[in-house]
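Engineer: Please find one structure pasted underneath; my questions will follow.
The values are calculated or read from the model by the stated rules, or taken from the named source; none is laboratory data. Note that the coordinates shown come from a computational prediction; the quantities given were computed from them, not determined experimentally. In this analysis, Cβ positions are derived from the backbone assuming ideal geometry, glycine residues included, and neighbour counts consider all displayed protein chains.
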Amino acid sequence: MIFEFGNEAMDLREYKGHSAVIEFDDEDEIFVGHVAGVTDLVGFHAKTVTGLETAFHEAVDDYLRILAKAAG
């Protein structure tokens, strides 16, 4: 998905095999997302589109690290 907000745009189609569902919270004026297609709730948020991409990547990395630790 190409996500645009003002002058910022990014492609959140996939990161390490995971995609995201993103909404904008008008009340708090932040982007709120969660990693799609996983049984656990893996959420993230940010005030900017650029921050959202970083938060998404960090959420996926943390999730994969937790899975690896639980398996090992």
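Engineer: Looking at (1) at pLDDT below 95; (2) assigned to a strand (DSSP E or B); (3) surrounded by 13 or more Cβ atoms within 10 Å (Cβ to Cβ), find the lone condition where H45 falls short.
Structural biologist: (1)
Engineer: May I ask you to list pairs of residues, at least six apart or on different chains, whose Cβ atoms are under 9 Å apart, with the first in region 23-35 being farther than 13 Å from T48 by Cβ and the second being loosely packed, with under 11 Cβ neighbours inside 10 Å and of a type in the set (A, V, I, L, M)?
Structural biologist: Taking only residues 6 or more apart or on different chains, the pairs are H34/L41; V35/L41.
Engineer: Among the residues of region 2-29, write down those that are in a loop (DSSP other than H, G, I, E, B) and either closer than 13 Å to F56 by Cα or modelled with pLDDT of 90 or more (or both).
Structural biologist: L12, R13, E14, K16, G17, E27, D28, E29
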